[in-house]
Amino acid sequence: MNLQTKKHLLDIDCYSKEEIFQILNDSKIMMEILNRKVKKIPTLRGKTIVTLFYEPSTRTRISFEQAAKILNADVINISIKESSSNKGESLLNTVLTIQSIKADIIIIRHPHSGAPYFLAKNSEVPIINAGDGSHAHPTQSLLDLYTIQNNLGKIENINIVMVGDILYSRVARSNILAFSKLGANITLCGPNTLIPHEFLSNNHLYKNIKFEPSLKKAVKNADVIMPLRIQLERQSTGHLPNLQEYSKQWCITSDIVSISKQDVKILHPGPMNEGIEISSDVAHGPKSLISEQVTNGVAVRMALLYSMLNTEPNMNLEE
Ligand code: CP
């Protein structure tokens, strides 16, 4: 299947179920390349990829850079601190400047929800949303889907429990769309003040989703538990008494994990605050897929860049 008609990736709902599965299938091929001794193929030779991050990132930025370099693309990372944004240049003018140097794709992270949508309307260069405010993080969803499919063999009918700050989490928002579309059963759990009840309404976008206020009940039949970081940088005051109180009630500890299924898997999009939303022994324990998520992120982003930029009819997998 050719996804090149999809000019931008703004959120996971840009893709149909079939298109998502196509990316997950292509990611398997990319994983084989990622595991080679010489991990380099010529697929995107001559293409230029620009990362434009207005917020800190470790995983997403280096993962896109690694993915692009393995596919032989050239990568320009723009450091906002050293760019002309600091001299008052607008986001649009920055992007139009990147367009003028003949970049082939722009990967943007921005603190304002909707910023990638604004750019997609006003720029000729394809845009990938690498996280916008508390709104969306579609490539995180793709790698989470891939990780679960790879470990559980399926996504349909699995029980996934997302715990914590759903309200401000762009990962949660994209994952609710993604897992709902692919038929998983989603349980949201956390302080009532951090649960957006719009997801629980009778909206056709959000299927098989419920709120469970008790963490012990929520995890009982879980196949996957995904604690989320408290997004203090996005919260106004008043949602939580303090992080210690939060941790006492909502931290995913080995005691909590022991209530759920024997083969439950633990995912976390990162960055983690160990001891707050997840204990260190769970984060680095045998049920944790957190490191695997990061590796899978490279393969998934390779598949995505390939689908959006490759112009050859067949994938050249030779070194
Ligand atoms: N998951 C994620 O987006 O991590 P970074 O903020 O490190 O990119």
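Which members of segment 222-275 meet the condition of being in a loop (DSSP other than H, G, I, E, B), within 16 Å of the ligand (Cβ to nearest atom) and of a type in the set (Val, Ile, Thr)? Within segment 222-275, just 230 meets the criteria. When you scan segment 155-171, do you find a residue that is within 28 Å of residue 90 (Cβ to Cβ) and free of Cβ contacts under 8 Å to residues at least 60 places away in the same chain, even just one? Taking every residue of segment 155-171 in turn, at least one turns out to be within 28 Å of residue 90 (Cβ to Cβ) and free of Cβ contacts under 8 Å to residues at least 60 places away in the same chain.
For segment 50-109, the tally of residues that are in a helix (DSSP H, G or I), among the small types (Gly, Ala, Ser) and farther than 18 Å from residue 130 by Cα stands at 3. Put simply, of 291, 279 the only residue that is crowded, with 20+ Cβ neighbours inside 10 Å, without any contact (Cβ under 8 Å) to a residue 60 or more places away in the chain and not β-branched (Val, Ile, Thr) is 279. Residue count for segment 81-110 satisfying the condition of being under 26 Å from residue 293 (Cβ atoms) and surrounded by fewer than 19 Cβ atoms within 10 Å (Cβ to Cβ): 0. Of all residues in segment 216-246, those that are modelled with pLDDT of 95 or more and either buried (at least 19 other Cβ atoms within 10 Å of the Cβ) or on the phi > 0 side of the Ramachandran plot (or both) total 9.
Answer yes or no: is there a residue in segment 122-145 that is assigned to a loop (DSSP other than H, G, I, E, B), at pLDDT 95 or above, more than 30 Å from residue 90 (Cβ to Cβ) and away from the ligand (no atom under 14 Å from the Cβ). Checked segment 122-145: no residue is assigned to a loop (DSSP other than H, G, I, E, B), at pLDDT 95 or above, more than 30 Å from residue 90 (Cβ to Cβ) and away from the ligand (no atom under 14 Å from the Cβ). Do the conditions hold for residue 188, that is, is it farther than 24 Å from residue 74 by Cα, part of a strand (DSSP E or B) and away from the ligand (no atom under 14 Å from the Cβ)? Criteria met by residue 188.
The values are calculated or read from the model by the stated rules, or taken from the named source; none is laboratory data. Just so it is clear, the structure is predicted and the values come from calculations on it, not from any experiment. Because the Cβ atoms are built from the backbone with ideal geometry, glycine has one as well, and the counts that use them run over all protein chains shown.
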